[in-house]
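Everything below concerns the one structure shown next.
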Amino acid sequence: MQRREFLQLTALTAAGTSLATDSAAQQSQMPMRALPSTAGLAELSGPEFTLQIAPVTVELAPNRIVSTIGYNGTSPGPRLRMKEGVPVTVNVVNDTDVPEYVHFHGLLIPSDVDGSEEEGTPVVPPRGKRTYHFTPTPAGTRWYHTHTMSMDDLHRGSYTGMFGFLIVEGTRDPGNFDQEHYLALRDWEPYFTNQLMDNDDLDPGLPRPEKPDVLDTRPPGMEVTADIFSINDKALGAGEPIRVRTGERVMFHFLNASAIESRHIALPGHKFNVIALDGNPVPVPAAVDVLMLGPGERIDAWVTMDRAGVWIMGAPEDPVREGGLGIVIEYANQRRTPQWTPPPRSFWDYTRFGKPQSSQAQAPTEKLEMIFEKIPRGAGKFNSFTVNGKPYPHEQEFVLKQGTRYRLTFHNRTDDAHPMHLHRHQFEITEIYGKATSGIIKDTVMVPTYGRASVDFTADQPGLTLFHCHIQHHMDYGFKTLFRYA
Ligand SMILES: [Cu+2]
């Protein structure tokens, strides 16, 4: 972003905020709804849904309008609310000239409706339509998004606005909260860069067991980054604030819908009580100052509103927050410029939410080692990636026996952290950062730079199963494998 544009955006942020504060003064006279939910996002309830893929414009702020592709005229698309175990029909209408796939991320559903070309899901043809029938499970915060390849086209695939929340309601008690908000973290208008922008794991204390003795010094290839951000469809200050009262308990469902980078979120003076990761309840709920979400990950966390004021909830990194990644939290009868103060320095650690010992109950019987390596391709080209020394496609490397419990150990021999996503299954993290843990069930895990992680899963969903890095250009340039069932 040019500096001039950046200043315009910041000026606008300030103006937008003061407008919002004025309207809040009027609003505070009005009774609050019992359970206010995030404004601006439509919600559709099943059992039948229609998603229309077509160009949309997103007004992130009055002077910041982006053109992209969305669902049903918006980005994020509508929130889809399904009931666990109740069959649904999703009609997908493709009003673009590009073949499309809609992937239902985090659901345990068959390959032919999972929305993955690699798994053999039929395509939604350009200017055509296709109907998916499946039974949503398990309950939790899921999401849906395009699964097309982008390669070097930054207007395709998950660089576009084709994403939305998908909520599967179960029988679990949702808890007693005064408000509930669905917040998707996004970046817009990505561009190529030669610099690795990652801030995934700056903690030098992290073990790096996979760091090679001799580093590959060939010139690195291109990366993708962005300077424009939003939560849902609004940049910081341009949308309505979340209006709260002292003592309220507010539930936030966060999704990192970025195709490229991890995100952190903090709310000055408040703590996030993390109760679920990737939609699945954690064994040890815990309060943290800062959340971290790799691309594709979700966090459900509630906050007790116990520090009156007007606050910015957003990215701790100044350029990211000032570029739009934030939302104002405004207490009743408080009128001032939204405040930001940096959170205490903290390191995101999944094991904080797990049981500290390994699970003896479900020991794996088979082990698969997966070595991730990056091949630097030099300026103007994307790096490529290999798994166990081979690029995609793999033929017979990863064949599963139905009913068997597997331990996958990821050896990340690259200088970047990767959000590794397993389709159609969920896994349990059993080791990460050199620590054993159990009970954390996820579908996507950030494998640290030069780090190692182990996850266990049961092969109980026959059919082709894609496993890949959720960073779009890593996946497109080789960072994926297919699991097959024998
Ligand atoms: Cu990656």
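Quick notes
- Total residues in segment 450-486, condition among the aliphatic types (A, V, I, L, M) and touching a helix residue (DSSP H, G or I) at 6+ places or on another chain (Cβ under 6 Å): 1
- Only residues that are buried (at least 20 other Cβ atoms within 10 Å of the Cβ) and not in a loop (DSSP other than H, G, I, E, B) were counted in segment 91-110, giving 7.
- Any hit, segment 451-471, residues being modelled with pLDDT of 95 or more, within 16 Å of the ligand (Cβ to nearest atom), touching a Leu at 6+ places or on another chain (Cβ under 8 Å) and over 29 Å from Thr121 (Cβ atoms): yes
Table: residues versus (1) under 30 Å from Leu107 (Cβ atoms); (2) out of contact with any helix residue (DSSP H, G or I) (no Cβ under 7 Å at 6 or more places or on another chain); (3) crowded, with 22+ Cβ neighbours inside 10 Å.
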site	(1), (2), (3)
Arg249	yes, yes, no
Ile265	yes, yes, yes
His270	no, yes, no
Ala276	yes, yes, no
Val290	yes, yes, no
Gly296	yes, yes, yes
Ala308	no, yes, no
Pro343	no, yes, no
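- Pairs with Cβ under 8 Å, 6+ apart, first in segment 465-483 and of a type in the set (Gly, Ala, Ser), second near the ligand (Cβ under 9 Å from one of its atoms): Gly478/Phe385
- Checked against (1) modelled with pLDDT under 95; (2) of a type outside the set (Val, Ile, Thr); (3) more than 11 Å from the ligand (Cβ to nearest atom), Asp416 passes all but a single condition, namely (3).
- Evaluation of Ile65 against (1) more than 26 Å from Phe134 (Cβ to Cβ); (2) surrounded by 13 or more Cβ atoms within 10 Å (Cβ to Cβ) (one fails), failing number: (2)
- Just one of the numbered conditions (1) hydrophobic (A, V, I, L, M, F, W, C); (2) at pLDDT 95 or above; (3) over 30 Å from Gly161 (Cβ atoms) is not true of Ile231: (3).
The values are calculated or read from the model by the stated rules, or taken from the named source; none is laboratory data. A quick note: this is a predicted structure, and the numbers were derived from the prediction, not measured. In this analysis, Cβ positions are derived from the backbone assuming ideal geometry, glycine residues included, and neighbour counts consider all displayed protein chains.
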